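The values are calculated or read from the model by the stated rules, or taken from the named source; none is laboratory data. For clarity, every value in this text was computed on a predicted model and none was experimentally measured. Quick reminder, even Gly has a Cβ in these numbers, built from the backbone with ideal geometry, and neighbours come from all protein chains shown.
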Amino acid sequence: MAGSARNPDFRLHDAQHCGDSVQEMPDANHPIRLVSRLTGLSMHVIRIWEQRYNAVEPLRTPTNRRLYAKSHIERLNLLREVTRAGYKISQVARLPTEKLRKLVTESVTGNGRAACPVTETSASAPSIDECVTAIKALNASALEEILKRAASVLGALGLLQHLIAPLAQTLGELWRTGEITAAHEHFATAVIRVVLGNAVKPFGSPAHAPVLIVATPAGQVHELGALLVGATAVNFGWRVTYLGASLPAAEIAGAAQLSRARAVALSLVYPDDDPQLEGELERLREALPPQTVLLVGGRAMPSYRAALKKIEAVRIESLSHLGSTLEDLRKPPNKGSRKLSR
């Protein structure tokens, strides 16, 4: 569930940032590999800044390849400099280009101070770059050490939200572009499963805690998002029964009935065009008790919105949204809990 919906108004928003309209970008012909060399930013950092923070929005070819204009390259260079000066990317990514130029000038001349400097804790936390390097080398001990260090700096929820969730998104993008293989992804999932298991042990839930079933439905073989969901739920005081990846609807429903689960959470990551999935979701909803809430998230979730609306599933947009939803589900209806958004 580590994915989120794109801002539908962002194309206009980004054009305003860059000072160009979409139609005024005839020079949008720079592929991401070239942009990476020109900016000194790795390709997966550029993608994360685009996808997570809406820093730029490149044009797309008919085959969905990114093409960047000179205005995009300038923004990325400016963002690189202001983040090196101490600003958080989340707080400067949407600033107008002129403002970024001013911040860079101030940081060079020493006339300005970073209004939102990175905290000592954030600065000392391991980066996604370090994780990706270890994963590409299939270095389990290095990756495990990086994640343990991040847990000690960020805490359990911080580890989930600020490192593993964006790492899962990055790995998915690298896999789709062929920069890593399925073996790399399975390797990372195996190491992360162990680290998450250790990270959530202190949050053991009491016997009376509500039960959450976590799985991916048949055909959805990527389970890192589901692992994130399970670990997050444990941190919020739920008893989690983790079933794994690609399970038929009948098995998921059977586990939910046996454990009297308050909710079932599904992660949809890939593929995002499975014609069989709608039927699986409908069969699951029919087999679940009416009072069992169905939560669905993940990168591919938006592609199945119509099917999810039909079965009245709760669409989860992020880990923070998952946390607030789980909190609401714990409240009795007569205690003022919000109506869950579907």
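Looking only at residues that are in a loop (DSSP other than H, G, I, E, B) and polar (S, T, N, Q) in segment 109-165, which one is modelled with the lowest pLDDT?
Filtering segment 109-165 for residues in a loop (DSSP other than H, G, I, E, B) gives 110-116, 118-119, 125-127, 137-139.
Pick out the ones that are also polar (S, T, N, Q) and you get 111, 119, 127, 139.
Details: Asn111: 48, Thr119: 40, Ser127: 83, Asn139: 97.
Result: Thr119.
Identify the residue in segment 62-82 that is out of contact with any Leu (no Cβ under 6 Å at 6 or more places or on another chain) and over 15 Å from Ala93 (Cα atoms) and, among all such residues, is surrounded by the most Cβ atoms within 10 Å (Cβ to Cβ).
So the residue we want is Tyr68.
Scan segment 256-266 and tell me whether some residue there is in a loop (DSSP other than H, G, I, E, B) and closer than 30 Å to Leu174 by Cβ. Break it down stepwise before answering.
Here is the first cut: in segment 256-266, the ones in a loop (DSSP other than H, G, I, E, B) are 260-262.
Going one step further and asking which of them are closer than 30 Å to Leu174 by Cβ, we end up with none.
No, because not a single residue in segment 256-266 is in a loop (DSSP other than H, G, I, E, B) and closer than 30 Å to Leu174 by Cβ.
Looking at (1) out of contact with any strand residue (DSSP E or B) (no Cβ under 7 Å at 6 or more places or on another chain); (2) over 24 Å from Gln169 (Cβ atoms); (3) at pLDDT below 95, can you tell me which one Leu340 breaks?
(1)
Contact list please: Cβ distance under 7 Å, first residue in segment 261-285 and of a type in the set (Val, Ile, Thr), second residue part of a loop (DSSP other than H, G, I, E, B), pairs at least six apart or on different chains.
These pairs meet every condition: Val264/Leu288; Val264/Thr292; Val269/Gln220; Val269/His222; Val269/Gly298; Val269/Arg299; Val269/Ala300.
So, in segment 258-284, of the ones that are within 16 Å of Tyr242 (Cα to Cα) and basic (Lys, Arg), which residue ends up surrounded by the fewest Cβ atoms within 10 Å (Cβ to Cβ)?
Per the criteria, the residue is Arg260.
State the number of residues belonging to segment 234-244 that are in contact with a helix residue (DSSP H, G or I) (Cβ under 7 Å, 6 or more places away or on another chain), of a type outside the set (S, T, N, Q) and not in a helix (DSSP H, G or I).
Going through segment 234-244 one residue at a time, the tally reaches 5.
Does segment 88-108 hold any residues that are hydroxyl-bearing (Ser, Thr, Tyr) and modelled with pLDDT of 85 or more, and which are they?
Going residue by residue through segment 88-108, those that are hydroxyl-bearing (Ser, Thr, Tyr) are 90, 97, 105, 107.
If the condition is that a residue be hydroxyl-bearing (Ser, Thr, Tyr) and modelled with pLDDT of 85 or more, then Thr97 is the only one that fits.
Applying the selection to segment 278-336, what residues are of a type in the set (A, V, I, L, M) and part of a loop (DSSP other than H, G, I, E, B)?
If the condition is that a residue be of a type in the set (A, V, I, L, M) and part of a loop (DSSP other than H, G, I, E, B), then Leu288, Ala300, Ile311, Ala313 are the ones that fit.
Would you check if Ala253 is touching a Ser or Thr at 6+ places or on another chain (Cβ under 9 Å), modelled with pLDDT of 95 or more and more than 20 Å from Ala165 (Cα to Cα)?
Details: touching a Ser or Thr at 6+ places or on another chain (Cβ under 9 Å): yes; modelled with pLDDT of 95 or more: yes; more than 20 Å from Ala165 (Cα to Cα): yes.
Considered against the rule, which asks whether it is touching a Ser or Thr at 6+ places or on another chain (Cβ under 9 Å), modelled with pLDDT of 95 or more and more than 20 Å from Ala165 (Cα to Cα), Ala253 comes out as yes.
In this structure, is Thr216 among the hydroxyl-bearing types (Ser, Thr, Tyr), part of a helix (DSSP H, G or I) and closer than 23 Å to Gln161 by Cβ?
On the way: among the hydroxyl-bearing types (Ser, Thr, Tyr): yes; part of a helix (DSSP H, G or I): no; closer than 23 Å to Gln161 by Cβ: yes.
It is false that Thr216 is among the hydroxyl-bearing types (Ser, Thr, Tyr), part of a helix (DSSP H, G or I) and closer than 23 Å to Gln161 by Cβ.
Between a first residue in segment 92-115 that is farther than 15 Å from Arg80 by Cα and surrounded by fewer than 16 Cβ atoms within 10 Å (Cβ to Cβ) and a second residue that is at pLDDT 55 or above and among the charged types (D, E, K, R), which pairs have beta carbons less than 7 Å apart while being 6 or more apart in sequence or on different chains?
As it stands, the answer is Gly112/Glu106, since those pairs meet every condition given.
Among the candidates Thr170, Thr189, which residue alone is of a type in the set (Ser, Thr, Tyr), out of contact with any Ser or Thr (no Cβ under 6 Å at 6 or more places or on another chain) and over 18 Å from Glu317 (Cα atoms)?
Result: Thr189 is the single residue among Thr170, Thr189 that is of a type in the set (Ser, Thr, Tyr), out of contact with any Ser or Thr (no Cβ under 6 Å at 6 or more places or on another chain) and over 18 Å from Glu317 (Cα atoms).
Would you confirm, using the coordinates I've provided, whether Asn54 is without any contact (Cβ under 8 Å) to a residue 60 or more places away in the chain, at positive phi and not assigned by TED's automatic domain parsing to the domain that holds His162?
yes
So which of Ala255, Ala209, Ala287, Ala245 ends up being surrounded by fewer than 21 Cβ atoms within 10 Å (Cβ to Cβ), in the same structural domain as Arg315 (by TED's automatic domain parsing) and touching a Lys or Arg at 6+ places or on another chain (Cβ under 7 Å)?
Ala209
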